[in-house]
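What follows draws every value from the coordinates through simple rules; no lab data is involved. Small disclaimer: the values here were computed from a predicted structure and weren't measured. No Cβ is skipped: glycine too gets one built from the backbone with ideal geometry, and neighbour counts run over all protein chains shown.
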């Protein structure tokens with residue numbers, strides 16, 4: 001991958017896929033002549049960390065479901081993503097299992113009756129933790145971007161929280177906003 005040429009947009013990751021379509025990351029990477037994959041490091045119920053509890057409207061330590069993934073491009077790690085769901089939505093579903101979800105979690109959430117209609121993203125730059133640096137195979141002085149995405153349903157309830165960490169020098173985020 002030419003580091004300076006990768007531009008990421010959020011929209012494909014927010015829109016449910018048609019039956020039989022690959023997940024958004026696999027499709028985006030394939031369209032650029034690469035192979036996008038992910039390794040699910042963990043899936044299941046956890047006590048919600050303070051930040052996640054606040055974003056999901058839970059009390060600190062209340063149960064949430066998390067999917068921890070290492071996102072890879074052509075076999076190399078390029079992003080760490082933890083996706084949290086309220087246990088009331090995800091408990092006992094494929095979201096709480098380690099297996100891959102055909103078409104992606106956004107499509108599966110929609111099948112369960114939970115469609116996102118509004119998204120809020122915050123991006124910050126910071127230095128990675130030692131664990132993040134090792135997982136992303138980064139040098140000691142390379143910063144990361146941390147993108148926090150909150151997906152809300154039509155009643156303005158949070159249904160999914162994504163926390164993504166990616167090497168800053170390998171990313172350019174693009175936001176397009178339609179007015180009117």
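Fewest-first ordering of 138, 166, 127 by other beta carbons within 10 Å of each residue's beta carbon gives 127, 138, 166.
For residue 155 and residue 111, the difference between the fully extended length at 0.36 nm per residue and the C-alpha to C-alpha distance is 14.1 nm. One decimal place: the segment residue 121-residue 98 gains 5.7 nm when fully extended, by the rule 0.36 nm per residue minus the C-alpha distance. Treating r as the C-beta distance of residue 141 and residue 176 and R0 as 25 Å, the FRET efficiency rounds to 0.20.
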